[in-house]
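Chemist: Handing you a structure now.
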Amino acid sequence: MKTKKLRVLSFVLVVFCFLAQSAHAQDNSGASDSARYQIENGWIVGHNLPRYNNRPLYLRESRAFILTGDRPIARMAKDSRLYGTVYFTFERQGKRLPFDKFSEIKSSFRTDEARWEMEDSSFPGTRVFLSLLPLGSDGFVASLNVEGMEQGDSVEWFYGGPEDLTQSSDWAYDALGRPELLTWDVGDRNKDAAGIPCAEFF
């Protein structure tokens, strides 16, 4: 009988980009939706909420920001210019799942940090922890920890998809005026994206 050993993956990704603060992106939810958030030890916490791009992290002394949300992807932007999107995937035995598609996602936010804790029934016994912190005026740091890695498991991160929106101001990324941003995920995950496997157990 083969015995599976639990392993822990820890990974820190430092992302630099040509960025520089932006306008305020807000959540366009109603009272019933906002009631789903709770305050826990100074963090705004939500469970299995569907929104993207509703929790920006601002880079100090710059005009850049990291657009994050209830779902764990990160967009690096300045004004109406998107410099790229970063997202992660987890793979086990040929089953690959982006982090933002996990069935159980706890999101936590405060002024200068975003965190997610994720689980999915496809990967029993595995928990994924991701946090993002702005890095001065240059980019951000992503810290990744995975509990319950099995033989052959892998995690990849992807970066790509720069895009200019038609508007000329940072309001182009304000979800209050553009509620469609709340459902703007990665879309075609193979388009304009470069993937790097950051860990694999054999």
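Since every read-out is calculated from the coordinates, none of them should be taken as a lab result. The shown structure was predicted, so the numbers you read here are calculated from the model rather than taken from an experiment. Neighbour counts run over all protein chains shown; Cβ positions are idealised from the backbone, glycine included.
Chemist: Show me 93-99, 129-135 ranked by packing, highest mean number of other Cβ atoms within 10 Å first. Mind showing how you got there, number by number?
Modeler: Numbers: 93-99: 13.9, 129-135: 19.0.
Order by mean packing, descending: 129-135, 93-99.
Chemist: Applying a 10 Å radius around every beta-carbon, put 48-54, 38-44 in order of their mean neighbour count, most first. Spell out each step's value before the answer.
Modeler: Working: 48-54: 19.7, 38-44: 10.7.
Final packing ranking: 48-54, 38-44.
Chemist: For labels at Arg96 and Gln38 in the simple 7 Å Cα→Cβ model, what's the distance in nm?
Modeler: Distance between the two pseudo-spin positions: 3.6 nm.
Chemist: Could you pull out which residues in region 127-141 have an amide N less than 20 Å from a spot 7 Å beyond the Cα of Thr111, following the Cα-Cβ vector?
Modeler: Under 20 Å, as judged by backbone N against the label point of Thr111, lie 132-141 of region 127-141.
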